[in-house]
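Reviewing the structure listed below.
The values are calculated or read from the model by the stated rules, or taken from the named source; none is laboratory data. Since we're looking at a predicted model, the values are computed, not measured. Ideal geometry is used to build each Cβ from the backbone, glycine not excepted, and the neighbour counts take in all protein chains shown.
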Amino acid sequence: MSDISFIRSIISLCRQSLSGNKIAIKSAEDQMSLLVKSHTSETELKIALIFKIILSPQAISAPENSLTDDELSGLKLASSDVQLWAAIFLKNFIRSNFDTSESFGGATDSTRRIIKSFLIICTLNSDKLGISTPIASQLEKTLLMISDRDFPESMEHVLLLISYCHLSDINPLVLVETLTTRLQTELTQRGGLNTLNTNMNTNSSFNRALTESQSNYDLKYADYLINHVKNYVNLSRSIASYNNILNSNNIIEISRCFFEFFNALVEGVKNMCSLRNSVTLKELEMNKFVKSVSFLFCQSTLNTHTANPVSQSYEVDCNPSDSLFYFDDRNLFNEPKLFQYGPNVPELGGNQHNVQMLLSPSMFVNESTLNKGYYKTKLSSFKLFMNLMKKYKTRTYDNDTLCELKIILTLSDVHLLYLYKYFIYKFTQFYNFYKSMKGSLTSNFIVPMILDLLEFIRQVIKIFVYVHSIDLPESFEDNAQLYFSGIINLLQFNDQQMVQNDTRGTILKMKVAFLKLLKYYAERYQEVFHPFVFTCIEDVVKLCRMTTQDSSEDKLCCAALDFLSVASSTHWGSSPTASARSNPFMNNAFLAEIIQTIIVPNIGFRECDLMLLDDCPIEFVQREMDTNSCSSRRFSSISFLKKLVSSIGQVCQQIIAQVATKVASSNDYKLKELYLQLIICINFKEGSGEFNINNYFNKYLKNEFVVLAQTQLTQEQRLIILAIIKYIITFHNLFSEINTVALIPYLVLYINNSHEAVRSFSAEALSRVLAKVRLHKPKLKTCILQALDNLLTLMKSGGKAGNEFYSKCTMKIFLYLREDVRESGMLMIEIVISLIKMVTDNPVNPAYNHYLFESLSILLRLNLQTESYGVGQPLENIEESLIPMLAMIIQQEMHPFIPYSLQVLCIMLKFANKASTTYLQLLNHLLTLETWKVSIANAQGNIKLLVCYFEKHSIFEGEITKNMENILNIFHFCLVHRKLSKHSLDMINGIIRYLPLSYYVTFLKSIVTVLLTYIHNNKTGEVLVDVMTTVSLLTVYLHLHKYEMSFTDILESIQVGITGSFIQMVYLPNLKKTLNMEAKRVHAVAIAKMATSTNVQNNNELFMILMEGLDDLISGENVKLDTPKDMLDPDNMDEIDKVEINFDVSYVRLQAANDGKKLLDRNINAEDVIKDLLAPISGVMKRNLSMSGKFTSVLSLIR
């Protein structure tokens, strides 16, 4: 297909996607994917052509354009909507192909490079390239999706491009020349090339010298970075020239010049991609990387020449900094005369010198004097850096993450410090100038500039927040005084006129970022924070007093309360500074003021809360139950007060008691609710003070709770009832059993209340207390059945949105009633199925849907587990009702429900006793590799279901054995897929755990080879720990199956002599990171088996290392297997909803479908197996281990 035909095809399919028809859109996406096959040699060209469509200027598709479609290379119909769909397709293409290994049809390395390079260039230059905001947003999201894996390892150069080519005012030619000179100097000093004594100026001589110095990887890496900068500088020139033409608005000239520019862009992208063939960060050791950066981007002296209009001279300030990274006010001010104070003005854009202007009230500065886009342009590039760092917000603390942060900060910490200092200084300067002009007609022109400065500070601080969520950077610690002084000053900034002009909320957002950073310091980095903490506490308290009740300030108020909450729970000694200040929280008057003026005003209901109560009752209840992710002043205040009670209990209780006394006798129901909330906070801990939960309820709350149960509630009464029910929910574990039994009939009555918030609170309370009264079922059965009937009626009439408090309570009732529900036969199962069908078209509430499927799972197990006794419903009846719905969910790709459907199928499959047509068709579907490729989000559920087939291998023997190679191929696909690696090990573990060895014995060597290859390609990461568990499991089951070859024998058959290095360098180091107790037992048996092998017996050092590993594993641990926890057990019914559920992931586990299967068979006693294994080598062990005085635990296992 020619280029123009391909472009026309893509545009046609994008136009088809604009139809809004789901089938047409799906068809268009499929056809576009076929056109851009990720494993063909033309893919790179096709990707470039898609970017050609995306980047084509609007002039090309303008109706006024007289050029033909042929003259425009097929782009005549490339409207902005078409370009947007092309960008969306690109994002979907990456999502489908980037995580898949190239060997399974995923994107090739060259395809990844070209897409990534285009995205970097487009994102950093979206304004200059004329890319519209929606399209630029899609491209940036796509780049960030890639960066989640590739930044910084193969994207560290992006930081250099942002810093030196977009932020710094250095002349690009000076930049390249200086970096090249530094590299040449370093090479000369190492004796590689004596440029001082020769006349060599050619790049070929320099490159030859680098090539000849094979050991100088840091020099080669530096050369790689320079070439990136050099290539980008050349590209930037082309982009600047093209931008000038875009701004001419000459349609014909723009149309013709675009193609010339795009060719230059493609060449630049190719050059960027080819650089990956040299020494990159991936091949470099950390010390080599640091060494390379230290000489290439060395700290030297930056001479800042400050123009003083009063003295009409320059003042020079010399500071250690990156001499290539600076801002120059000659680009900020449009008036050259402002800088003409002498003959020694440094050249603009030179190395080591920049110029700043000292603003003076006597200066005449107006709107035309300032370059209004100066900071905005830099800010748009810097935001990419901030967005790249956002992924660390949710990352865990581990060696890989620390390594990544070290790379990032090595390249950027000096620049971040410069930016922070510069913008604090500029803000102070511009704000003082603004104040001197305040009231004049021209004063407002400078406000947007000041807000841009504050926005830049906010972005810098957000980067610090992301870094501090992992670790304390050394550069921040070294400059703590500078950073904290700026933060403290800006926290108190409160210019009302400036705030009114701040339509984007920059000032509020900046303060929120400050408070989040301070919270990390109070929580984790107390030693560094100690000299500043008391000042910060007092200033944040002042800030809280200044906040209004306006909802726009909610996030600021919550962030302030969250910081104070953390700061109050930390034990701070006297301040180490000379003033020797004491902790403000130890001052009773200060504490009383906080409670009365900050906590109490924010802990009660506001008018907006009461509006929410009537307009969005479910959201109101979610907030009250703290199950809603949005910030809330009320719950930040509650959290703060609880922390105060925990750390300063007695004093706090006295102060709150005084406050509570004032409102206790009030007729204001809002104050009464506040009083009850304070009571809950004071006594939230068991055994706190002399307060008696039961006595207080019986004396002050029970009468009102009982009397109002059957009346129409006013809003005031409703608030009190909600507060009482919340009291019950909070202290339900402390209520006596008698009181709890007495409460239940009234909770059931409140489930019939006319207001949804009251019904929801009651349902939640009932679900919490049921486990405590399970011994009183005969007495409560009728009442609970009535509650169930009410809840089912409410859910049937509740619409598609659903109420998760109803479905959760229904689930708990099923667990509570058990056989009484089972007696209803298929009726209850069919009711739940009908409720699920109601929400399949529009799954609005994931929590509601989740508990419906939990309820269905409970009903299935209650029936199927007792079917053999003639009590439950036969599987055939259940399948008849359930299979059509599950088939519809899977066939119509209802993604929120597919993982649940797969888990429900697992339950039914486990009770199947024959290979029915349905299950055979389902198995054949699972054994098709394409199924796994097109539905990555369902892979975890597919794996669980496939393992169920392994468990039932006796009735599916023929299908499994003939497809064993196919199954292992699917495992390999999942293992090398970035998002499925961890889950793939559940599949291979299921094969080892459940299938007879004869099924896969011929593939043993291939399985081990695949695992070794994965280990070789992924030397770090949490998945490696799980791979070691699989290795141990295979070792154990080869022994249990009495196979002639052990795991170490298989290793030696692959490569002679590999066992020792594998155990020492890979197996044991990763095994030590294991936290799972079941995995530890497997490892213990595996090590015992390995220790008996000939290879280990002949290597005393290796034997001792294994014994040490075994001793570490079993010291203080019980190697006997525990009984798996079954959520259907009456004793565990309170556990089913305690597991934290994350609905942001594609696979949410059903607790009722989780039957607690373990790695080892329940009939295997791990301790006995270990003893049997060690018995033949007991003599060797006694001789080698007894003398050391260690290995007590291991020696105790010798028979």
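Basic (Lys, Arg), surrounded by fewer than 20 Cβ atoms within 10 Å (Cβ to Cβ), farther than 30 Å from LEU417 by Cβ and under 24 Å from the mean Cα position of the chain (by Cα): which single residue out of ARG112, ARG95 fits that description?
Within the list ARG112, ARG95, the selection yields ARG95.
Quick check on VAL465: is it under 24 Å from PRO320 (Cβ atoms) and part of a helix (DSSP H, G or I)?
In short, no.
One line per residue, one yes/no per condition, for (1) in contact (Cβ under 8 Å) with a residue 24 or more places away in the chain; (2) touching a strand residue (DSSP E or B) at 6+ places or on another chain (Cβ under 6 Å); (3) surrounded by fewer than 16 Cβ atoms within 10 Å (Cβ to Cβ):
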position	(1), (2), (3)
SER313	yes, no, yes
ASP322	yes, no, no
TYR326	yes, yes, no
ARG330	yes, yes, no
PHE339	yes, yes, no
PRO343	no, no, yes
ASN366	yes, no, yes
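Only one residue in LEU210, LEU265 is assigned to a helix (DSSP H, G or I), modelled with pLDDT under 95 and among the hydrophobic types (A, V, I, L, M, F, W, C). Which one?
Only one candidate passes the filter, namely LEU210.
Taking the conditions exactly as written (of a type outside the set (Lys, Arg), within 18 Å of GLU619 (Cα to Cα) and under 41 Å from the mean Cα position of the chain (by Cα)), does ALA787 satisfy them or not?
For ALA787, the condition - of a type outside the set (Lys, Arg), within 18 Å of GLU619 (Cα to Cα) and under 41 Å from the mean Cα position of the chain (by Cα) - is not met.
Given the structure, is THR1002 at pLDDT 95 or above and either within 21 Å of PHE104 (Cα to Cα) or among the hydrophobic types (A, V, I, L, M, F, W, C) (or both)?
no
So ASP1126 clears everything in (1) over 30 Å from the mean Cα position of the chain (by Cα); (2) closer than 30 Å to LEU775 by Cα; (3) at pLDDT 80 or above except one condition, right? Which one?
Unmet for ASP1126, out of (1) over 30 Å from the mean Cα position of the chain (by Cα); (2) closer than 30 Å to LEU775 by Cα; (3) at pLDDT 80 or above: (3).
Consider the stretch 1083-1102. How many of its residues are modelled with pLDDT under 90 and closer than 12 Å to VAL1180 by Cβ?
Residues that pass the stated criteria total 4.
Only residues that are of a type outside the set (A, V, I, L, M, F, W, C) and touching a helix residue (DSSP H, G or I) at 6+ places or on another chain (Cβ under 7 Å): list them for the stretch 133-149, please.
Hits for the stretch 133-149 are PRO134, GLN138, GLU140, LYS141, THR142, SER147, ASP148.
Restricting to the stretch 804-827, and then to whatever is assigned to a loop (DSSP other than H, G, I, E, B) and of a type outside the set (Gly, Ala, Ser), can you tell me which residue is nearest to the chain's Cα centre (by Cα)?
ARG818
Exactly one condition in (1) in contact with a helix residue (DSSP H, G or I) (Cβ under 6 Å, 6 or more places away or on another chain); (2) surrounded by fewer than 21 Cβ atoms within 10 Å (Cβ to Cβ) is false for PHE118; which is it?
Going through the list (1) in contact with a helix residue (DSSP H, G or I) (Cβ under 6 Å, 6 or more places away or on another chain); (2) surrounded by fewer than 21 Cβ atoms within 10 Å (Cβ to Cβ), PHE118 breaks only (2).
Name the pairs whose Cβ atoms lie under 6 Å apart, with the first residue in the stretch 705-733 and outside any helix (DSSP H, G or I), the second at pLDDT 90 or above and buried (at least 16 other Cβ atoms within 10 Å of the Cβ), and 6 or more positions between them or separate chains?
Sorted first by the residue in the stretch 705-733, then by its partner, the pairs are HIS732/ARG768; HIS732/VAL769.
Could you list all residues from the stretch 248-285 that are farther than 25 Å from ARG112 by Cα and either under 31 Å from the mean Cα position of the chain (by Cα) or among the basic types (Lys, Arg) (or both)?
ARG256
Those residues that are in a helix (DSSP H, G or I) and basic (Lys, Arg), I need them from the stretch 931-958; list them, please.
Across the stretch 931-958, the qualifying residues are LYS933, LYS944.
In the list SER436, SER485, which residue meets the criterion of being in a helix (DSSP H, G or I) and either of a type in the set (D, E, K, R) or free of Cβ contacts under 8 Å to residues at least 40 places away in the same chain (or both)?
Among SER436, SER485, only SER485 is in a helix (DSSP H, G or I) and either of a type in the set (D, E, K, R) or free of Cβ contacts under 8 Å to residues at least 40 places away in the same chain (or both).
Filter the stretch 959-1014 down to the residues that are over 29 Å from the mean Cα position of the chain (by Cα) and in a loop (DSSP other than H, G, I, E, B) and list them by number.
The answer is ASN963, LEU995, PRO996.
Taking the options LYS37, LYS26, name whichever one is in a loop (DSSP other than H, G, I, E, B) and either farther than 23 Å from LEU129 by Cβ or without any contact (Cβ under 8 Å) to a residue 12 or more places away in the chain (or both).
Only one candidate passes the filter, namely LYS37.
What's the total number of residues in the stretch 170-185 that are in a helix (DSSP H, G or I) and either of a type in the set (Val, Ile, Thr) or under 17 Å from TYR224 (Cβ atoms) (or both)?
Matching residues across the stretch 170-185 total 11.
Can you list the helices (runs of 4 or more DSSP H) found entirely within the stretch 41-117 that contain at least 2 residues being modelled with pLDDT of 95 or more and within 19 Å of SER2 (Cα to Cα)?
43-55
What are the residues in the stretch 895-930 that are more than 35 Å from the chain's Cα centre (by Cα) and assigned to a loop (DSSP other than H, G, I, E, B), if any?
If the condition is that a residue be more than 35 Å from the chain's Cα centre (by Cα) and assigned to a loop (DSSP other than H, G, I, E, B), then PHE911, ALA912, ASN913, LYS914, ALA915, SER916 are the ones that fit.
Take GLU527 and decide whether it is without any contact (Cβ under 8 Å) to a residue 24 or more places away in the chain, in a helix (DSSP H, G or I) and surrounded by fewer than 21 Cβ atoms within 10 Å (Cβ to Cβ).
The answer is yes for GLU527.
Could you check how many residues of the stretch 784-797 are crowded, with 16+ Cβ neighbours inside 10 Å and either farther than 20 Å from VAL839 by Cα or not hydrophobic (A, V, I, L, M, F, W, C) (or both)?
Going through the stretch 784-797 one residue at a time, the tally reaches 4.
Residue under question is ILE424, and the condition is that it be touching a strand residue (DSSP E or B) at 6+ places or on another chain (Cβ under 9 Å) and in contact (Cβ under 8 Å) with a residue 60 or more places away in the chain; does it hold?
no
Which of the following residues is farther than 28 Å from SER954 by Cα, surrounded by fewer than 19 Cβ atoms within 10 Å (Cβ to Cβ), of a type in the set (S, T, N, Q) and in contact with a helix residue (DSSP H, G or I) (Cβ under 7 Å, 6 or more places away or on another chain): THR840, THR918?
THR840
Being within 26 Å of the chain's Cα centre (by Cα) and not in a helix (DSSP H, G or I) is true for just one of SER154, SER126, SER147, SER137. Which residue is that?
Just a single option satisfies the conditions, and that option is SER154.
Would you mind telling me which numbered condition in (1) among the aliphatic types (A, V, I, L, M); (2) surrounded by fewer than 18 Cβ atoms within 10 Å (Cβ to Cβ); (3) over 28 Å from LYS230 (Cα atoms) LEU359 fails?
(2)
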